[in-house]
């Protein structure tokens, strides 16, 4: 197990990667004890991770016999990611049209500053991956909450139950290609900066376009999603701004 990563997060990241890559096949049973031994953790983190993955639509409970993989199709994942992009794009558009209060702008800047700090040294440690997860989720939640449209929040909550739809549902090739994953996550952070710049400039079209493209960042790791035929979508270039 990665020494700096919490056991639960380690299990979730690992199982997401194995499902996305096809290493774990649709219908395959995931037994707690063998999984715990393979990942170097106790049974409790595995149990907790499986419950979380059930909420993401990646596994299904088999009564008292544990869980089985619910391998999503490329069509399912792309559809769910597209919907998230539309919803978050609408949130960004609304913010650009009405503008941010000073309090909201400060909150966004504080959030993004934590992202700046993560990438400043040019690499991410296992502990930093935990930090990115918290920072990334905070940015997305702040964007939607600030939009003031409760219907967007409700629709996103429903969409997040679909495989790899949530902003939190990252599948990373963290063990074998950490350099590429660093760049993958750094580009996602650059887009966070870019969408805030567009919002502050009042450019609703650009803010919406960036967020629609940004939704594909979750499936932007080509090696991880080879099993689903995904991972070829690229994150659109965004000017790095502060």
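The values are calculated or read from the model by the stated rules, or taken from the named source; none is laboratory data. Being a predicted model, the structure only gives us computed values, none of them experimental. So basically every Cβ, Gly included, is an ideal-geometry build from the backbone, and we count neighbours across all protein chains shown.
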Residues that are more than 27 Å from residue 143 (Cβ to Cβ) and surrounded by 17 or more Cβ atoms within 10 Å (Cβ to Cβ), drawn from the range 48-102: 50, 59, 66, 67, 68, 69, 70, 71
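Name the residue that is nearest to residue 92 (Cα to Cα), counting only residues in the range 167-181 that are buried (at least 19 other Cβ atoms within 10 Å of the Cβ) and modelled with pLDDT of 80 or more. Reasoning before the result, please.
To start, the set of residues in the range 167-181 that are buried (at least 19 other Cβ atoms within 10 Å of the Cβ) comprises 167, 169-174, 181.
Of the ones still in play, those that are also modelled with pLDDT of 80 or more are 167, 169, 181.
Values: 167: 15, 169: 21, 181: 26 Å.
Once the filter is applied, the top-ranked residue is 167.
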Any hit, the range 68-78, residues being at pLDDT 95 or above and either under 18 Å from the mean Cα position of the chain (by Cα) or farther than 20 Å from residue 15 by Cα (or both): no
Some residue of the range 83-94 being within 30 Å of residue 202 (Cβ to Cβ) and in a loop (DSSP other than H, G, I, E, B): no
Qualifying positions in the range 37-47 - surrounded by fewer than 17 Cβ atoms within 10 Å (Cβ to Cβ) and in a loop (DSSP other than H, G, I, E, B): 40, 42
Extreme residue, nearest to the chain's Cα centre (by Cα), among residues of the range 182-212 that are farther than 15 Å from residue 136 by Cα and buried (at least 22 other Cβ atoms within 10 Å of the Cβ): 210
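Just to check your reading of the model, which residue among 8, 57 is within 18 Å of residue 171 (Cα to Cα), outside any helix (DSSP H, G or I) and in contact with a helix residue (DSSP H, G or I) (Cβ under 9 Å, 6 or more places away or on another chain)?
Working: 8 fails: outside any helix (DSSP H, G or I).
The match here is 57.
I'm trying to understand the selection: among the residues of the range 1-35, which are free of Cβ contacts under 8 Å to residues at least 12 places away in the same chain and surrounded by 14 or more Cβ atoms within 10 Å (Cβ to Cβ)?
Initially, the range 1-35 is screened for residues free of Cβ contacts under 8 Å to residues at least 12 places away in the same chain, giving 18, 33-34.
Hit for the range 1-35 is 18, nothing else.
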Count of residues meeting criterion [within 17 Å of residue 33 (Cα to Cα) and touching a helix residue (DSSP H, G or I) at 6+ places or on another chain (Cβ under 7 Å)] in the range 60-75: 4
Failed item in (1) under 24 Å from residue 181 (Cα atoms); (2) not in a loop (DSSP other than H, G, I, E, B), with residue 68 passing the rest: (1)
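Could you pull out the residue among 122, 131 that is outside any helix (DSSP H, G or I) and more than 25 Å from residue 69 (Cα to Cα)? Give the steps one after another, and end with the answer.
Working: 131 fails: outside any helix (DSSP H, G or I).
None of the other options fit; the residue is 122.
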Residue that is nearest to the chain's Cα centre (by Cα) [pool: residues in the range 103-132 that are crowded, with 19+ Cβ neighbours inside 10 Å and closer than 20 Å to residue 164 by Cα]: 132
The lone exception for residue 141 - which of (1) modelled with pLDDT of 95 or more; (2) farther than 26 Å from residue 48 by Cβ; (3) surrounded by 13 or more Cβ atoms within 10 Å (Cβ to Cβ) it fails: (2)
